[in-house]
Amino acid sequence: MADEDVVLLDFWPSPFGMRVRIALAEKEIKYEYKEEDLRNKSDLLLKMNPIHKKIPVLIHNGKPVCESLVQVQYIDEIWPHKSPLLPTDPYQRAIARFWGDFVDKKIYGLESRKVWSTKGEEQEAAKKEFIECLKLLEGELGNKAYFGGENLGYVDVVLVPFYSWFYAYEKCGNFSIETECPKLIAWAKRCMEKDSVSKSLPDQDKIYDFALHVKKVFGIE
Amino acid sequence: MGEVKLVGTWVSPYTYRIKWALKLKGIAFDYIEEDLCNKSALLLQYNPIHKKVPVFFHGGKPICESMVIIEYIEETWPHNPLLPTDPYERAMLRFWIKYAEDKGPSMWMVGEGQHKAEQNSLEMLKIIEEKALGDKKFFGGDNISMLDIVLGLGHWLGGEKLLEAHKLRRLHVWLKNFKQVPVIKEDLPDLDAMLAYLRRQREMSPATH
């Protein structure tokens with residue numbers, strides 16, 4: 001499928017954007033990456049995602065697709081032959097979608113942000129819940145190399161971007177994710193050995209600096 | 001291929017979604033009403049993560065989360081499709097489903113938040129009417145799609161007067177047509193009871209949606 005026009009409107013620390021970067025890299029799709037300044041959104045972004053005005057936006061042959069889980073499924077359907085992300089069996093697909101939904105609700109959700117953006121009791125409660133959710137994911141991973149089995153799959157793509165934020169969470173929350181969830185960290189490092197992942201995730205130190213900057217700007221202690 | 005079972009509750013819109021999807025495809029199933037004040041061992045065993053209904057079983061294998069269940073039903077029984085075949089059209093429909101899911105529950109707020117929730121809801125309904133429905137009969141075109149099912153018991157719940165009063169004519173017509181579909185017409189919930197249940201849920205756990 002040569003000469004396909006693929007553009008990604010993105011913002012470097014966004015784990016949602018990272019999902020799409022990984023999916024496109026796995027499929028070896030060439031695309032134009034456009035960094036958005038979220039304080040000064042481009043006309044293109046406002047035109048392509050008028051409802052939410054958010055990144056990432058995937059623009060394929062001029063037509064926009066929004067919402068990262070929708071984008072990952074779309075990429076998988078349009079380019080099915082290379083690195084399939086969802087399994088072929090409907091029941092296995094349902095399991096993958098369930099865990100993708102779980103990651104979105106519990107790991108990327110508003111409650112988990114309290115781990116780095118609050119203090120005291122509120123933060124402790126958020127940390128506890130966060131670790132519990134990571135442990136459930138460890139249970140689902142089991143002894144597999146990846147959630148997708150022998151290769152990266154849908155759940156891997158949906159979850160691994162969060163690894164780039166772990167250091168920020170650990171520093172702000174004063175805890176060690178590796179101590180609590182060693183299998184998950186081992187999984188994340190295994191994913192990082194793949195170019196599609198390592199080239200899509202920013203450096204953890206940079207994310208930590210960004211998180212501190214956001215806290216300052218929003219007056220979060 | 002295996003027995004189909006649905007564990008649900010008569011007060012949850014999520015349960016209705018699954019029943020409607022199965023009926024639209026003519027799939028026979030056993031329905032088990034769950035007592036939510038006294039969650040059964042079955043429920044806790046098959047949905048240990050969220051402990052919620054609906055839980056769907058096919059050949060004994062459980063699936064949770066209404067949209068995950070509906071996508072499974074669509075893939076396993078592709079006749080009378082609830083999704084378009086074109087990947088871009090599918091992505092658009094899935095986008096609107098997420099939009100409806102994310103914005104929906106705010107309508108069920110009570111108390112001080114209610115006026116603002118209603119304003120937000122109206123805005124959302126205007127967008128859905130304009131951008132997702134347009135001049136089509138159903139969101140899926142001539143036939144019902146997953147999006148129609150999701151919005152069929154949407155956050156406007158019971159607010160047909162809301163649609164009329166705010167001149168959301170196309171949505172009003174859509175809703176009338178939707179409720180006339182035989183399989184839907186014969187299985188419509190008690191809206192007052194449902195609304196009361198959803199508001200109680202909202203009060204109990206405002207942080208989740």
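Values in this text are rule-based calculations from the coordinates and carry no lab data. Predicted model, so just to flag it, every value in this text is computed and none were measured. Positions of Cβ are backbone-derived with ideal geometry, glycine not excepted, and every protein chain shown enters the neighbour counts.
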Once A:Tyr33 and A:Asp89 are pulled to full extension, the length gained, defined as 0.36 nm per residue separation minus their Cα-Cα distance, is 16.9 nm
Which three extents, in whole angstrom, do the alpha-carbon atoms of region B:2-78 cover along their principal axes, largest first?
35, 23, 19
For chain A, calculate the relative contact order in percent as a whole number, restricting contacts to Cα pairs under 8 Å that are 6 or more residues apart.
21
Would you mind giving the mean number of other chain beta-carbons within 10 Å of the Cβ of each residue in A:87-95, as a whole number?
5
When only C-alpha pairs under 8 Å and at least 6 residues apart count, what is the relative contact order of region A:90-218, in percent?
24
Taking a ≥ b ≥ c as the square roots of the Cα gyration tensor eigenvalues, with a/c under 1.5 meaning rounded and otherwise prolate when a/b beats b/c or oblate if not, chain A comes out oblate
Rounded to 5, the percent of DSSP beta bridges in the protein assembly as shown classed as antiparallel:
70
Lys and Arg at +1, Asp and Glu at -1: neighbours of A:Asp101 with Cβ under 11 Å from its Cβ sum to 0
Evaluate the distance, in nm, between pseudo-label points positioned 7 Å from the Cα of A:Lys189 and of B:His50 along their respective Cα→Cβ axes.
3.4
Filter on A:Lys127/A:Lys183; A:Lys171/A:Lys206; B:Lys5/B:Lys52; A:Lys41/A:Lys199; A:Lys54/A:Lys106; A:Lys82/A:Lys144 - keep pairs with C-alpha separation over 23 Å
A:Lys41/A:Lys199
Computed magnitude of the charge dipole of chain A (debye, nearest 20; Cβ of K, R +1, Cβ of D, E -1):
300
Rounded, prolate or oblate: which fits region A:90-218 when a ≥ b ≥ c are the square roots of the eigenvalues of the alpha-carbon gyration tensor, with rounded for a/c under 1.5 and prolate only if a/b beats b/c?
prolate
What value, in deg cm²/dmol to 500, does the helix sum -39500 (n - 2.57) over DSSP H runs of n ≥ 4 give at 222 nm once divided by the residues of the protein assembly as shown?
-15500 deg cm²/dmol
Give me the compactness ratio for chain B, meaning the Cα radius of gyration over 2.2 N^0.38 Å.
1.01
I'm checking a number: the convex hull volume of the Cα atoms of region A:6-78, normalised per residue, in Å³. What is it?
80
Please state the equivalent ellipsoid semi-axes for the protein assembly as shown: what are the square roots of 5 times the Cα gyration tensor eigenvalues, largest first, in whole Å?
34, 25, 24
Run through region A:13-114 and list the GluC sites (Glu not before Pro) located in a DSSP loop whose Cβ has at most 16 other Cβ atoms within 10 Å.
A:Glu28
